Every structure is written in structure tokens, then in C-alpha cells.
Amino acid sequence: MNTPDVVRNAQKLVSDQEGKSFPPQEQTPPGLTGEMTPVPDHGETTWTGRDRLTGLKAFITGGDSGIGRAVAIAFAREGADVALGYMPEEQVDAEETARLVREAGRTAVLVPADLRTHAECERSITEAVEGLGRLDVLVNNAGFHWSRGEEGLAGLDLDDVERTLRTNLHAVIWLCKAALPHLGEGSCIINTSSVQAYDPSTALIDYAATKAAINNLTVNLAADLGPKGIRVNAVAPGPIWTPLQPATRKASDVETFGADTPLGRPGQPAEMAGAYVFLASPEEASYVSGTVVGVTGGKPVF
Ligand code: NAD
Ligand code: MG
């Protein structure tokens with residue numbers, strides 16, 4: 001069988017680094033794509049659109065980089081217009097993602113905001129809906145963790161806990177609530193969970209708890225919104241090479257990142273997009289709601 005280009009890219013980005021996953025490196029959160037070595041693959045040269053999301057309007061939080069950028073590229077090539085949420089200091093990444101969306105012939109709307117307050121979540125939804133004209137798909141993808149301190153409960157810094165909970169959990173609830181009046185029959189919400197929801201590590205105690213909560217929220221919202229014809233699902237990534245990693249992990253962790261998966265390597269953002277496209281597709285996922293799709297390189301998600 002021919003190895004697909006997306007796999008060849010992912011293998012090359014790792015094997016270029018002489019047996020280590022990636023060279024040791026650290027950034028300040030939220031991190032920037034251009035400062036990563038190597039720069040991740042978001043599907044720029046590999047994703048082929050097949051008109052699976054024609055005419056849809058999607059808002060992707062954290063859409064500037066990493067998984068969010070890969071989802072934005074795929075959504076646009078599948079025919080969707082896209083609004084991108086991101087932090088103001090990520091303007092350069094957001095503009096590059098917007099360029100790729102526009103190159104695909106679709107509209108890109110930029111919505112900078114720090115989502116840690118209710119007011120900014122509401123403003124973001126308002127601006128996304130105004131820019132797109134409508135909202136069909138809300139992708140809750142923005143996320144934060146911190147694992148540079150002493151491992152475990154004793155090492156948890158309360159400011160980091162606050163940042164993690166507000167970004168990963170409060171904002172998701174606030175965004176869903178603000179989006180609800182704009183959603184209807186055939187629309188959907190896709191949350192971003194993690195393998196950490198199933199196999200929590202003591203280096204990410206608070207983060208893992210937010211991702212388990214997102215799974216619970218996904219099932220509960222699917223029950224709540226199903227009667228309105230709104231589907232709610234989540235994607236649980238495994239170790240994916242994105243700015244979040246060098247921005248929040250110790251440099252030494254980056255070297256071994258993702259090497260312990262059954263597939264033996266970290267994933268690239270491009271390898272995440274298919275799950276989001278499937279869940280967003282009104283045809284392919286018409287009867288899929290309340291579930292979590294794992295994309296983990298073989299790590300268990302049950
Ligand atoms: P990323 O750094 O590219 O994306 C995360 C984005 O979150 C940032 O670009 C930023 O725009 C946004 N964000 C963070 N704090 C914010 C705030 N206060 N306000 C607004 N936006 C904020 O990294 P990624 O890995 O692509 O992360 C996307 C999602 O995937 C996150 O929810 C993350 O928890 C999840 N995830 C990632 C991995 C992985 O290995 N990369 C694994 C499991 C889950
Ligand atoms: Mg970013």
C-alpha cells in the first residue's frame with residue numbers, strides 16, 4: 001500500500017530529529033507556530049476538499065494554530081466559511097490561517113478575544129455570527145495546560161488552575177450558551193477533549209479534570225439539544241505537535257513527546273482534521289451525537 005502523504009509528512013517531521021520526537025524548546029504561552037522546530041503540518045499540501053461542508057458557517061476557537069488551523073483549512077476546502085477565535089498576541093498565526101481559508105475561496109472572519117470572561121465569550125459569538133451571517137458549527141477548540149512546575153497536587157499553582165479551568169471549561173459553557181439562540185435543526189457543536197480525560201497524568205491534574213468534564217458536558221448537551229435537532233460531539237486528541245506543547249511543557253518533555261503511543265510517534269494537526277470534518281458533516285454524521293471520537297495514535301479512549 002502507498003503511504004499517504006499526510007503520514008509521510010508526520011513520520012518525516014519526527015525522524016528528521018535523530019530518534020527524538022522534537023528538539024528541546026520552550027515558548028511563552030500561548031506560543032507561535034513560526035517559532036516551532038519543526039513547524040507542524042496542518043494539511044496545507046495534503047487536504048483535498050470533497051464538498052462535504054458546502055455552505056456551512058463555522059466558528060473555531062483557537063483557530064489560529066495547531067489543531068484549530070488544520071480544522072480551518074479542511075473546513076474551508078470542504079466548502080465552509082470560517083470565523084477564527086484566538087488571543088490578540090496570536091495575530092500573526094490567525095492571519096496565516098485566514099490566508100489559507102481565503103486561498104480556498106472561502107470567507108475568513110477574525111475574532112480576537114481572551115475567552116476567560118463571560119463577556120468576551122458573548123462578544124466573540126456575536127462577532128462570529130455577524131461576520132458569517134449565520135452559525136451552523138461551533139468548534140470549541142481553545143485550550144490551555146501548564147506542566148512546568150513540580151508534578152502533582154503539591155505543585156499546582158492556583159493561578160494556573162484558574163487559567164486552565166476558565167479557558168477549558170467555563171469558556172466552553174459560556175460559548176455554547178451564547179451560541180444556542182443561533183443554532184437550530186441540523187447545526188452542531190464539536191468540543192475538544194483529550195486522551196487525558198481517560199488516562200490522566202499527574203503532571204496535568206487540573207487539565208485532565210477539565211477534559212473529563214468536557215466529555216460529560218458533551219453527553220449532557222447532546223441530550224438537551226437533540227430535540228432541537230442540534231448534534232453535540234467531541235474529539236479527543238492524543239499527543240499532537242502544536243504550539244501548546246513547547247509553550248507549556250518542559251523542554252525535555254518535548255524531546256519524548258508522543259513516542260509512547262502504539263503508533264510510536266506524535267501526531268500532526270493535519271491528522272486531526274478528519275474527525276472534525278466527519279462530525280461537522282450534516283450527511284455523514286446525521287445520526288452521530290453525544291459521542292467522543294478518539295484520535296490518539298492508539299491510546300485508549302474508554
Ligand atoms: P494550540 O496552541 O495551537 O491551540 C490552542 C489555542 O487555544 C491557542 O491557539 C489559543 O488561540 C487558544 N487559547 C488558549 N487560551 C485562550 C484564551 N484564554 N482565550 C482565547 N483563546 C485561547 O494547541 P492545540 O494543541 O491545537 O490545542 C487545541 C485543543 O486541543 C486544546 O483544547 C487542547 O487542550 C486540545 N488537545 C491538544 C492535544 C495536543 O497534544 N496538542 C492533546 C489533547 C487535546
Ligand atoms: Mg495559537
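Once backbone amide H atoms are built at 1.01 Å from N, residue 257 has 21, 22 as its partners under 5 Å, excluding neighbours fewer than 5 places away on the same chain. Among 114, 64, 159, the residue with the largest mean-square fluctuation in a Gaussian network model of the chain, with springs joining Cα atoms closer than 10 Å, is 159. Would you mind calculating the relative contact order of the chain from Cα pairs under 8 angstrom and at least 6 residues apart, reporting the percent as a whole number? After rounding, I find 23 percent. Can you give the FRET efficiency to the nearest 0.05 for residue 288 and residue 150, using r as the Cβ-Cβ distance and R₀ = 35 Å? Computed FRET efficiency for residue 288 and residue 150: 0.25. Here the chain is assigned +1 on the Cβ of each Lys and Arg and -1 on the Cβ of each Asp and Glu. Its dipole about the Cα centre then comes out at about 720 debye. In percent, rounded to a whole number, the relative contact order of the stretch 18-73 is 32, using alpha-carbon pairs under 8 Å and six or more apart. Annotation: for a label point projected 7 angstrom from Cα along Cα→Cβ of residue 173, residues of the stretch 217-239 with backbone N closer than 17 Å are 217-225.
Residues considered: 123, 265, 50. Largest GNM mean-square fluctuation over the chain, using C-alpha springs under 10 Å, is found at 50. Just check the stretch 143-302 against the gyration tensor rule for me: Cα atoms, a ≥ b ≥ c as the square roots of the eigenvalues, rounded for a/c under 1.5, and otherwise prolate or oblate depending on whether a/b exceeds b/c. It comes out oblate by the Cα gyration axes. Considering only C-alpha atoms, what is the centroid distance from the stretch 67-131 to the stretch 254-299, in Å? With the stretch 67-131 and the stretch 254-299 each reduced to a Cα centre, they are spaced 21 Å. Comparing 71, 139, 219 in a Gaussian network model of the chain, where Cα atoms under 10 Å apart are tied by springs, the biggest mean-square fluctuation is seen for 219.
Atom-type composition of the exposed protein surface of the stretch 172-302 places 57 percent of the accessible area on carbon and sulfur (1.4 angstrom probe). Largest first, the three principal axis extents of the alpha carbons in the stretch 1-142 are 48, 37, 20 Å in whole numbers. Taking Cα centre as origin and charging only the Cβ of basic (Lys, Arg, +1) and acidic (Asp, Glu, -1) residues, the dipole magnitude of the stretch 204-277 rounds to 180 debye. Pairs of Lys residues in the chain, spaced 8 or more positions apart or belonging to different chains, with C-alpha separations under 18 angstrom: 5 in total.
Largest first, the three principal axis extents of the alpha carbons in the chain are 48, 47, 36 Å in whole numbers.
For the stretch 75-80, the Karplus equation 6.51 cos²θ - 1.76 cosθ + 1.60, evaluated at θ = phi - 60°, returns couplings of 4, 5, 5, 8, x, 9 Hz by residue, with Gly and Pro reported as x.
On the beta carbon distance between residue 95 and residue 17, with R0 = 35 Å, the FRET formula returns roughly 0.80.
The values are calculated or read from the model by the stated rules, or taken from the named source; none is laboratory data. Keep in mind the model is a prediction, meaning the values are calculated, not measured. In this analysis, Cβ positions are derived from the backbone assuming ideal geometry, glycine residues included, and neighbour counts consider all displayed protein chains. To get the accessible areas, we keep the full protein, side chains included, count just its heavy atoms, and leave off ligands, DNA and RNA. Shrake-Rupley method; radii C 1.70, N 1.55, O 1.52, S 1.80 Å.
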